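Remarks on the structure that follows.
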Amino acid sequence: GAGVSQSPRYKVAKRGQDVALRCDPISGHVSLFWYQQALGQGPEFLTYFQNEAQLDKSGLPSDRFFAERPEGSVSTLKIQRTQQEDSAVYLCASSLGGLMTNYGYTFGSGTRLTVV
Amino acid sequence: GENVEQHPSTLSVQEGDSAVIKCTYSDSASNYFPWYKQELGKRPQLIIDIRSNVGEKKDQRIAVTLNKTAKHFSLHITETQPEDSAVYFCAASSGGYQKVTFGTGTKLQVIP
């Protein structure tokens, strides 16, 4: 596609509910990142995929967070048993480069998650 | 891991004046420094980037400078316009796969 697409755009979840956030990156982009952006803060790294391989998940805040990219394109970020502190905008970004090459990210519009 | 600090957190300038945003980074291995602009409720967008083998880069009204020795880099916007009003994030990348660490952001307000 022409850009990075994320869905849903907004999600309200009751505390304890599971949620799944979808990211459809730019076609052909090898790298895919998930970031969490709290209100008034910069994006914080969650996890990185190169094609279908999850090479870095050091930023996932707890074992309630899980991400996958099974076919090297669409990715899903799942949050189990949501807590209020999970409320944030979840940004997906894709990039043309892979290992040892730096290109700027193209971000999606994000999913704003509100846990009530 | 990498730590990126950004100053100031807010900046107000008169239209036509220049704006400067400064960042420092901690990891001497960082070699890629992008800048993103985020308008209210919208996605961050890459506006300019610089690599560690270059000291300065300019694109129309926007310029970035990098001092590797001091681990400082800065964004300069000249002849500011109201549409420049947004939050600007600096970032640094030291990983082999482009993982970037973002600063905390600078809210720029250009007063007409």
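Values in this text are rule-based calculations from the coordinates and carry no lab data. Given the structure is predicted, the values throughout are model-derived calculations rather than measurements. Cβ atoms come from the backbone with ideal geometry, glycine included; neighbour counts cover every protein chain shown.
Values for this structure:
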quantity: Compactness relative to 2.2 N^0.38 Å, alpha carbon Rg of segment B:1-60; calculated: 1.29
quantity: Dipole moment magnitude, nearest 20 debye, segment A:42-116 about Cα centre, only Lys, Arg, Asp, Glu C-beta charged; calculated: 140 debye
quantity: Quotient of Cα Rg and 2.2 N^0.38 Å for chain B, N being how many residues it contains; calculated: 1.01
quantity: Charge tally in the Cβ shell below 11 Å around A:GLN80, where Lys, Arg are +1 and Asp, Glu are -1, A:GLN80 excluded; calculated: 0
quantity: Listed peptides B:45-52, A:51-58, A:9-16 by packing density, highest first (mean Cβ within 10 Å); calculated: B:45-52, A:51-58, A:9-16
quantity: Dipole of segment A:15-60, positive direction: furthest Cα of A:GLN54, A:GLN36, A:GLN17, with charges on the beta-carbon; calculated: A:GLN17
quantity: Neighbouring partner chain Cβ atoms per residue of A:85-95, average, 10 Å criterion; calculated: 1
quantity: Average partner coverage of B:99-107, which counts Cβ from other chains inside 10 Å; calculated: 4
quantity: Sequence-distant lysines (8 or more away, or on other chains) whose Cα lies within less than 22 Å of A:LYS78; calculated: A:LYS11, A:LYS14, A:LYS57, B:LYS99
quantity: Pairwise Cα inverse-distance average, inverted: Kirkwood Rh of chain A (Å); calculated: 14.0 Å
